Amino acid sequence: MSAIEILGITAVAIMVVSYALEKRGRIFIAIFAFGCTMAAFYAFLIESYPFFIAESLWALIAAHKWRHAKPIRNK
């Protein structure tokens, strides 16, 4: 398995786990945005430009969501 494939698998794993944990705190939204950025970089490296554009947009959307998310207060 090449380093590029490991990058892609890691990016997707980060995205899936952080998306599942998103409701637990803003940090997981930021981690999701990071995972999307990694996936976009992976897509760029393999020259899959439609995937690059889609993942870049997801990263921007997630970053916007993170900026506007309210912190979770413990009860």
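The values are calculated or read from the model by the stated rules, or taken from the named source; none is laboratory data. Computed from a prediction, not measured in an experiment: that's the story for all the values here. Please note: Cβ atoms are built from the backbone with ideal geometry, for glycine as well, and neighbour counts cover all protein chains shown.
For this structure, a couple of remarks:
- Residue check, Ile27 part of a helix (DSSP H, G or I), out of contact with any strand residue (DSSP E or B) (no Cβ under 6 Å at 6 or more places or on another chain) and β-branched (Val, Ile, Thr): yes
- Residue tally, condition touching a residue at least 40 places away in the same chain (Cβ under 8 Å) and of a type outside the set (Lys, Arg), over region 23-75: 8
- Residues of region 5-29 satisfying the condition of being small (Gly, Ala, Ser), crowded, with 19+ Cβ neighbours inside 10 Å and closer than 16 Å to Trp66 by Cβ: Ser18
- Condition broken by Asn74, with the remaining ones in (1) polar (S, T, N, Q); (2) part of a helix (DSSP H, G or I); (3) at pLDDT below 95 satisfied: (2)
- Tally, over region 30-75, of residues that are of a type in the set (D, E, K, R) and surrounded by 14 or more Cβ atoms within 10 Å (Cβ to Cβ): 2
- Qualifying residue in region 12-33 (condition: over 29 Å from Ile72 (Cα atoms), aromatic (Phe, Trp, Tyr) and modelled with pLDDT of 95 or more): no
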